[in-house]
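Remarks on the structure that follows.
Throughout, read-outs are computed from the coordinates displayed, never taken from laboratory work. As the structure is a prediction and not an experimental result, all values here were calculated from the model. Neighbour counts run over all protein chains shown; Cβ positions are idealised from the backbone, glycine included.
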Amino acid sequence: MAAILNVRAVVKKYRFAPEFRDALLALLDTHVTQIHSTTRISHKALSVKTQERRASALCKSFRELRNHGYTLQTPWSLKHKHVEFLVTYWVADGQSGGTIENKLTYLRAIAQWMGKPKLVRTLADYVDRREHGLVRSYVATEDKSWEAHGIDAAAKIEEIARTCPYTAVQLKLQAAFGVRVEESFMLRPVEAVRNPQMLAVVRGTKGGLPREVPIESKMAILEEAARLSNGVTGSTVPADRTLKQWRDWYYYVLEKHGVTKAGLGITSHGLRHAYLQSLYERTAGTPAPIKRAGERPDPQLHQQAMRRVVQAAGHSRVTKANAYLSTFARQERLQKKLPTVEEVREALMSADGNKSHAAAALGISRQALYRILGGGSRRD
């Protein structure tokens, strides 16, 4: 039986009026475990963590409406103008396109529960995404591996081991098998080795989608993890810590050793990037596009490598590999030398001030032209 979130504990924190609270609880009680995504492969019920994220996001959205003068009697009073206000508010608050899209997904879910499937539109229906810098890219533009930032992963992990061997071994699992942070927490080393060749990753996976990853010559890391696993759950999270407590401790240790964006410019997720980039290179015979080596593999080898990366990463679509590897086309565009301000102005003069024509003549996008000009007027 799937775990069900205690929605009352979540809703209580927001102190809604009784009528609103009771109506919201009725909706959440009935629907909070339902899958909304149309691309989800796994048929497993939503995890409690996902249920909580959904319920909390909805509560926060309704609280934001109330704080700005929109007093809804019940969630059923939600209208297009309310969603439109929220999007405007989130954009003005500087939230990313991905964050706003996620919030709209939650609102779209509750709208469907209420029989209003067309109430919540796409982000592009509310704002010009390019104008507000809300275009969400699924193609990597930056190499997030530790190597790319000049960090010796093995040496840094050994340094961390002197502070906390459990955190260190989880980092080793991420580096050796490309598992996500949560997966490294919940992996049970002894149970996960079903045969000497493959590691079964089944706990803490995204969308509940299990997968197998080649062990290759890395059994020693699993043996180390097994020695550090606790006798209660079999994972490498100490038995005296809850998962939340461990997560807090884990990130505290990383911050102490500079493994943050603000510190060394890296996160532990970069170990997963490095693993998948290496897997691509071993399969395709050339470095991943993000490495900017200037080499292109045989097209068939490229496709084979992409499929292997997606499978090892635990995704369902081949294009998801681009988030770790980038694409050759994107890297070529990034490396292309942009025209100077003077060259842009000359092109504008030749095009009688028409920015679209000037951009085409320069071989750049109109948006790139705006950026070079320093964000001046966008009217032709």
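Here's how it looks for Leu199: its modeled amide H is under 5 Å from those of Val213, Ile215, which are all 5 or more places away or on a different chain.
Computed about its Cα centre, the charge dipole of region 204-311 is approximately 320 debye, with only Lys, Arg, Asp and Glu carrying charge at their Cβ. Among Ile160, Ile215, the order by Cβ neighbours within 10 angstrom, fewest to most, reads Ile215, Ile160.
At 25 °C and a viscosity of 0.890 mPa s, what translational diffusion coefficient does Stokes-Einstein give for the chain, taking Rh as the Kirkwood radius over Cα pairs? Give it in µm²/s as a whole number. Intermediate results must be reported in sequence, preceding the final value.
Working: Rh = 24.1 Å.
In µm²/s, the coefficient rounds to 102.
Using a ≥ b ≥ c from the Cα gyration tensor of region 159-304 (square roots of the eigenvalues), is it rounded, prolate or oblate, where a/c under 1.5 gives rounded and otherwise the larger of a/b and b/c decides, a/b for prolate? It is oblate, given that a/c is not under 1.5 and a/b is not larger than b/c. For Leu209 and Tyr14, the difference between the fully extended length at 0.36 nm per residue and the C-alpha to C-alpha distance is 66.9 nm. Please name whichever of Tyr126, Pro189, Val213 sits farthest to the positive end of the charge dipole of the chain, dipole taken about the Cα centre and charges placed at Cβ: Lys and Arg +1, Asp and Glu -1. Of the options given, the answer is Tyr126.
The Cα center of region 266-329 and the Cα center of region 110-173 differ in position by 17 Å.
Under 1.5 on a/c is rounded, so check that first for region 115-206, then, if it is not, pick prolate when a/b is larger than b/c and oblate when it is not; a ≥ b ≥ c are the square roots of the alpha carbon gyration tensor eigenvalues. Working shown, then result.
On the way: a/c = 3.11, a/b = 1.69, b/c = 1.84.
Since a/c reaches 1.5 but b/c is at least a/b, the shape of region 115-206 is classed as oblate.
With the charge dipole of region 306-380 set up from +1 on Lys and Arg Cβ and -1 on Asp and Glu Cβ about the Cα centre, the Cα lying farthest toward the positive end among the listed residues Leu348, Val318, Phe328 is that of Val318.
Give me the dipole magnitude in Debye, nearest 20, for the chain about the Cα centre, with unit charges on the beta carbon: positive for Lys and Arg, negative for Asp and Glu. Could you put the intermediate results ahead of the total?
Numbers: 59 positive and 36 negative charges, 216 e Å.
Here the chain has a charge dipole of around 1040 debye.
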